[in-house]
Structures are given as C-alpha cells and as structure tokens.
Amino acid sequence: MSDLNVTGRRQLNRLGWLAMPLLALAVAACAADTSKEGIGVGITGLDHLDDHLSVQNFWVQKHWGGRAGGGGSTACCAILPRKWQSGMKVHVEWNVTNWRDRNSQTFERDVPVEPYDEVGQLWVHFLKDGGVRVVSSNYAPEAKDYPGPHDVIPSKHPWAVYPWPSDSNE
C-alpha cells in the first residue's frame, strides 16, 4: 500500500509540474493588453455648415449617426478601442442637402480620430471648409476642456427657410 501512495504522489507531483506552465499562461492571458479591446460609444454629429446646407444623414463605420445638428442628438453606437492608437481612422459617410439650390451630395472619407486619453462620446464635426474632424471626449463641445474645434455651431432650420415644394409641378 505504501508503494501505491509513493506512486500516486509521484504522478500528482508530475501533474503539478505540468500544470504550472498552464497556470502561468492563464495568468498571462488575464494580464494581457486590453487597450485594443473595443467599447461602444454614442455618436453625435455637429453641423458647422452654412445656413442653407445641412448634413441630413451620416454614418461612422457603417453605424448610422442620424442628422447632424447642434449636438443634441446621440445615436448608438460606434466601436472605439479603450486606448487611442497612432494612425487610427474611422470611415465617415455623409449626405449634405443644399436647401437653397435644391440638391444634395454624398461624401465619404477615412478620417483620423484625434488622440484621446479616455474613450468617450464620438463627436463628428462637419466643418464649413468641407473638412471632417472626429473627436472622442467625455466633454461636450461647449466645455472649455473639450479637445475638439470650438467653431460656431449655427442654430439653423434650412428646410423652413428654403422649403421644397410639396409636389413636383413647382
């Protein structure tokens, strides 16, 4: 019986030595870098365009952001890594309606995401010069600590100022 106990202890000892590397791998996996792990964030569009223009629809990475305006609406969700990464870009598509001239145009572009320390709301700025800026921040654009542009966001309703006729016979 003592031979069986010695043999059993030897086998357990061997299993212990075999289990140690597996345990080390499990601990290493738990401590792995999670900075590239994605997190869902709300999307808000900000329309800095002239009074007769408006961004009627936009998408970030194929996630619908709604109509860009003064920053009051949020759509769900874009996925961003917890930590900003050099060279990070998102694909933005948007439609601009020219209410005065009664036409619209669709654009798309890969836009750099500005550096952030902490992932937050995704603010998409459609600028007067045709540029687009993408900022992730827990501060709203009117806050002094907001890292994005502080350009004026016009309060406008071009569909009311330049209404299109309700029928096709103008």
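Name the one entry in Val135, Val119 that is in a loop (DSSP other than H, G, I, E, B), at pLDDT 90 or above, closer than 21 Å to Val92 by Cα and under 12 Å from the mean Cα position of the chain (by Cα).
Answer to the check: Val119.
What number of residues in the stretch 113-130 are open to solvent by less than 20 Å² (accessible area, probe 1.4 Å) and within 22 Å of Asp50 (Cβ to Cβ)?
3
Taking the conditions exactly as written (in a loop (DSSP other than H, G, I, E, B), of a type outside the set (S, T, N, Q) and more than 15 Å from the chain's Cα centre (by Cα)), does Pro154 satisfy them or not?
Yes; evaluated as a whole, the condition is true for this residue.
Considering the stretch 121-170 alone, what residues qualify as being among the aromatic types (Phe, Trp, Tyr) and within 24 Å of Phe107 (Cβ to Cβ)?
Trp123, Phe126, Trp159, Tyr162, Trp164
Mind listing just one residue for me: the one in the stretch 65-112 that is assigned to a strand (DSSP E or B) and without any contact (Cβ under 8 Å) to a residue 12 or more places away in the chain and, of those, most open to solvent (accessible area, probe 1.4 Å)?
So, considering only residues that are assigned to a strand (DSSP E or B) and without any contact (Cβ under 8 Å) to a residue 12 or more places away in the chain, the one most open to solvent (accessible area, probe 1.4 Å) is Gln105.
The values are calculated or read from the model by the stated rules, or taken from the named source; none is laboratory data. Everything numeric here is computed off the predicted structure, so don't read it as measured data. Virtual Cβ from ideal backbone geometry, glycine too; neighbours counted across all protein chains shown. All accessible areas refer to the heavy atoms of the entire protein, side chains included, with ligands and DNA or RNA removed. Shrake-Rupley method; radii C 1.70, N 1.55, O 1.52, S 1.80 Å.
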